[in-house]
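All remarks here apply to the structure that follows.
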Amino acid sequence: MTAAPLTSPSATRSDADWWRQAAVYQIYPRSFADGNGDGIGDLAGIISRVPYLAELGVDAVWLSPFYPSALADGGYDVDDYRDVDPTIGTLEEFDEMVAALHGVGIKLIVDVVPNHSSDRHVWFQEALASPKGSDARERYIFRDGRGEQGEEPPADWTSIFSGPAWTRVPDGQWYLHSFATEQPDFNWRHPEVHEDFLHTLRFWSDRGVDGFRIDVAHGLSKDLGEVLPSTAELRAMPKDGTHPLWDRDDVHEIYAEWRELFDQYEPPRIAVAEAWVETPERRARYASPEGLGQAFNFDLMEADFDAVHFRDIVTDNLAQSAVTGSSTTWVFSNHDGVRHATRYGLPPRAGRAVKQGAEWVAAGGPEGGIDRELGLRRARAATMFELALPGSAYLYQGEELGLHEVAEIPDEERQDPAFLRTTAADRGFDGLGRDGCRVPLPWTRSGSSFGFGEGGGHLPQPAWFADFSVEVEDGTAGSTLEMYREALRLRTELQGEETLEWDEALSSDDVLAFERPGGWLSVTNFGAEPVTLPAGELLLASGELAAAADGSAVLPGATTAWLRQSAA
Ligand code: TEU
Ligand code: CA
């Protein structure tokens, strides 16, 4: 290497394949950085932190919804798909942000929410003001109720956030909302819905957006006859492409339309599906190059820190990507789950049907129930494991600081509909909701909101955030932030073909070792017994190594090391 490049190396990778092995950093805009001190993160805040993102070394940013919204679901209730929420900024600032990111070689992916709008969207307002049977109502899913006066919902369905999935409007009809009451589901059989989303995708693509994250991609297409099935009947139906509500085969007709639009751009716009489906085979359809092109796999996010389990997940997903021609995606944390530093400090889930960490969060985050240090140690090891894998890695804001989930949010300050729609008795699955991973980031060790902005934050930050602030970790050897920076820098330098080879001699039920092309060896010790590392140049480790009597390096438990081995 000669002189250091001025911009991130990805700036030179303007080819159509930039996304295949990208490290993508998710920004939840209201909680990232607050430029004007009103307690809500905004585009000005993001622009001011572009140098931070460049130094971190990510290839792309995925921006969660920033559209006008009443925030019934953190912005996933969109009032207008082609504007910026005034509390977050303006379209001009959006353009500035795109230019600033592109200026340092960072691509931008925005979130698109096509399953539902908000109830404040002009179309839904028009539907409410229009009579039963009108075309305006046809853009959503309206039905008459059951019972003599239609006073019973059309079906007994429960929303994903608990509570009923149907809400009655003043003239007596009911509308479907798979999520919160404020999120009416679109009727994708209506041609204007298709046209409008094409318009939206073109609008942002023309503004320089490089790609899209598609919310609830498995939900758009529905097949609802006059007589609706009951919840029990729905549950008994196979999710093989014929289910009336989820992961229908014909949803891909929509994505084929979108692909046509994406491919009109140079480089083609990319898309990644959030699709909760039954099998990896079903997920592959979303990742097809004729469709969205990539799909999230949440397998690692749902797994215990366990070598055998991790290896199966990697093997399955690499096999899937070989079939689809897409690249794999890896995720440990996002805006919907308990942060991985916390999850890994809790007792293993061991296959139980409860979201990892949910019970601990629901119990108010008892200190007796968690080993925070071990959790973070494992999280760092897991991240280095992830960053060595072929494919793209989706990182969630704050994980580069080693942040834990914030469990100590008073009930009256919680915002998540997944909390607000549940009672203490039925909070088993999602725990207290998702606010604990959406607390404004700590940038400095002190100040009213730890440098998030001049004012407070829209969710309370705990005192321990000080120790995880950027200010504390920046330049501190061994900090989580410095580990992420170095790992991302090395990843860019070492990244080659999308293949890996397991090192069977080193791997075991507790250890996963694999080699990437060019002699890049990653070794993770999931267990507690130290493991002697093979010869090679040590590039980076997620924790301190020890030395054996003969001088060879020893990898302690819950640690990952990267080595460069000379080409054989
Ligand atoms: O999530 C889709 C989804 O199915 C979630 O309900 C997920 O299972 C849940 O958040 C786990 O607790 C997407 C978004 O990622 C989420 O933030 C939105 O609330 C949801 O869609 C509705 O738009
Ligand atoms: Ca603000």
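The values are calculated or read from the model by the stated rules, or taken from the named source; none is laboratory data. Since this is a predicted model, take the numbers as computed values, not measurements. Note: ideal-geometry Cβ built from the backbone for every residue, glycine included; neighbour counts use all protein chains shown. Areas reflect the complete protein model, heavy atoms only, side chains present, ligands, DNA and RNA absent. Shrake-Rupley method; radii C 1.70, N 1.55, O 1.52, S 1.80 Å.
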Just how large is the dipole of region 496-564 about the Cα centre, in debye to the nearest 20, putting +1 at every Lys and Arg Cβ and -1 at every Asp and Glu Cβ?
240 debye
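Would you tally the net charge around residue 481, using a Cβ to Cβ cut-off of less than 9 Å, leaving residue 481 out, and scoring K and R as +1, D and E as -1?
Details: positive: 485; negative: 400, 473, 474, 482.
That sum, taken over residues with Cβ under 9 Å, equals -3.
Can you pull the semi-axes for region 253-323, root of five times each eigenvalue of the Cα gyration tensor, sorted largest first, whole Å?
Details: eigenvalues 151, 25, 21 Å².
In descending order the semi-axes read 27, 11, 10 Å.
Kindly provide the helix-only [θ] at 222 nm of the chain, computed as the sum of -39,500 (n - 2.57) over DSSP H runs of four or more divided by all residues, to the nearest 500 deg cm²/dmol? Before the final figure, lay out the partial values.
Values: 17 runs with 150 residues, N = 568.
Computed ellipticity for the chain at 222 nm equals -7500 deg cm²/dmol.
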Under the Kirkwood approximation for Rh and a Cα-based Rg, what ratio Rg/Rh is obtained for region 330-410?
0.96
Taking 384, 237, 301 and ranking on accessible area (1.4 Å, protein atoms only), highest first, one gets 237, 301, 384
Amide H neighbours of residue 559 under 5 Å, counting only residues 5+ apart in sequence or on other chains, H built in-plane at 1.01 Å?
525
At 1.4 Å probe radius, can you tell me the per residue accessible area of region 122-176 in Å²?
50 Å²
Just going by the charge dipole of the chain, with Lys and Arg at +1 and Asp and Glu at -1 on Cβ, which of 117, 462, 346 is farthest out on the positive end?
346
Per-residue accessible area for residue 15 at 1.4 Å probe radius, Å² rounded to 10?
70 Å²
Using the Karplus curve 6.51 cos²θ - 1.76 cosθ + 1.60 with θ = phi - 60°, what ³J(HN,Hα) values do you get for each residue of region 478-494, in whole Hz, with x for Gly and Pro?
x, 5, 4, 4, 5, 5, 4, 4, 5, 5, 5, 5, 5, 4, 4, 6, 8
Order of 215-223, 506-514 by packing, highest average Cβ count within 10 Å first?
215-223, 506-514
For region 179-281, count all C-alpha to C-alpha pairs, find those more than 19 Å apart, and express that count as a whole percent of the total.
50 percent
Please report the relative contact order for the chain, taking Cα pairs under 8 Å with a sequence separation of at least 6, and give it as a percent rounded to a whole number.
13 percent
Principal axis dimensions, largest first and in whole angstrom, of region 422-568 by Cα:
57, 41, 36
Relative to the first principal axis of the alpha-carbon coordinates of the chain, what is the inclination of helix 191-206, with its axis defined by its Cα atoms, in degrees from 0 to 90 and to the nearest 10?
40 degrees
Spelling it out for residue 167: with amide H atoms placed in the peptide plane at 1.01 Å from N, the residues 5 or more places away or on another chain with amide H under 5 Å from its amide H are 175, 177
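How many Å² of accessible area per residue for region 445-517, probe 1.4 Å?
Details: 3310 Å² over 73 residues.
Roughly 45 Å² per residue, with all protein chains present.
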Whole-Å semi-axes of region 492-542's equivalent ellipsoid, largest first, each the root of 5 times a Cα gyration tensor eigenvalue?
20, 13, 9
P(r), alpha carbons of region 21-90 - 5 Å bins starting at zero, rounded %
4, 18, 25, 24, 16, 10, 3, 0
When the C-alpha atoms of region 122-176 are aligned to their principal axes, what extent does each axis show, in angstrom, from largest down?
28, 26, 15
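Order the peptides 104-110, 187-193, 292-298 from the highest to the lowest mean number of other Cβ atoms within 10 Å of their residues.
Working: 104-110: 22.4, 187-193: 16.4, 292-298: 25.7.
For the peptides 104-110, 187-193, 292-298, the packing ranking is 292-298, 104-110, 187-193.
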Evaluate the relative contact order of region 122-176 (contact order divided by residue number), counting alpha-carbon pairs under 8 angstrom at least 6 apart; express in whole percent.
29 percent
Semi-axes of the chain's equivalent ellipsoid from the Cα gyration tensor, sqrt of 5 times each eigenvalue, largest first, rounded to whole Å?
39, 25, 25
Taking the alpha-carbon centre of each part, the distance from region 102-160 to region 495-563 in Å is 50 Å
Net charge dipole size for the chain [Lys, Arg +1 and Asp, Glu -1 on Cβ; Debye, nearest 20]:
460 debye
